[in-house]
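Peer 1: Can you read through this structure? Questions will come right after.
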Amino acid sequence: MVAEMAVLYGPIDGPHMPSATPADFAPPHGTFLVGFDEDGTPVCAGGVKRLADDAAEIKRMYVAPSARRRGLARELLAALEDAARDLGYGTVRLDTGPLQAHAQALYESAGYRSIGNFNANPVASFWGEKRLGS
């Protein structure tokens, strides 16, 4: 995922980018999910990190090229929302860049509404928020 995003936007890790470290995804305030194909190959992943007491951010959501166009991104997004809800968050936020119109379309179709730049991501063009029901 990091290599693919670097081709699109340049380095996505560093002091100028929002944090997405293993510590951000660690319990008790975060988690990182990995989805596997029937043969045990990892095909998708994403994390939840704490922003504030009631808000979390979905980061590093990714589906491997060989597993795309099977609905896994939508399933992964729902699983990440469920994980955020299980961690006690009532709101989730995320972002995506201008070269990922498909990601923005997914997020909007899943109920994310456009909000302001909440995380100072210099390569993002869409910032979204969704209230989680119980």
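Peer 1: Under 1.5 on a/c is rounded, so check that first for region 2-131, then, if it is not, pick prolate when a/b is larger than b/c and oblate when it is not; a ≥ b ≥ c are the square roots of the alpha carbon gyration tensor eigenvalues. Working shown, then result.
Peer 2: Values: a/c = 1.28, a/b = 1.08, b/c = 1.18.
The shape class here is rounded.
Peer 1: Give the calculated FRET efficiency between residue 75 and residue 53 to the nearest 0.05, with a Förster radius of 30 Å applied to their Cβ-Cβ distance. Intermediate values should be presented prior to the final figure.
Peer 2: On the way: r = 28 Å, r/R0 = 0.93.
It comes out at approximately 0.60.
Peer 1: If you don't mind, there's one more thing I want to ask. With unit charges on the beta carbons (Lys and Arg positive, Asp and Glu negative) and the dipole taken about the Cα centre of region 1-86, which residue among 8, 35, 64 sits farthest to the positive side?
Peer 2: About the Cα centre, the residue reaching furthest to the positive side is 8.
Peer 1: Residue farthest toward the positive end of the dipole of region 2-131, with Cβ of Lys/Arg at +1 and Asp/Glu at -1: which of 46, 122, 23?
Peer 2: Going by the Cα projections, it comes out as 122.
Peer 1: Label 7 Å along Cα→Cβ of residue 120; region 44-74 residues with amide nitrogen under 18 Å?
Peer 2: Residues passing the 18 Å test: 50-52, 57.
Peer 1: Here's a follow-up. Could you order peptides 112-118, 53-59 by the average number of other Cβ atoms within 10 Å of their residues, highest first?
Peer 2: Those peptides, ordered most packed to least, come out 53-59, 112-118.
Peer 1: Shifting gears a bit: Could you pull out every whole DSSP H run in the chain that spans at least 20 Å of Cα extent along its own axis and averages -0.5 or higher on the Kyte-Doolittle scale? Intermediate results must be reported in sequence, preceding the final value.
Peer 2: On the way: long enough: 72-86 (21 Å, 0.08).
Passing helices, by number: 72-86.
Peer 1: Amide H to amide H under 5 Å from residue 43: which residues, 5+ apart in sequence or cross-chain, H placed 1.01 Å off N in plane?
Peer 2: Here 35, 36, 37 satisfy the definition.
Throughout, read-outs are computed from the coordinates displayed, never taken from laboratory work. Please read all numbers here as calculations on a predicted model, not as lab measurements. Cβ atoms come from the backbone with ideal geometry, glycine included; neighbour counts cover every protein chain shown.
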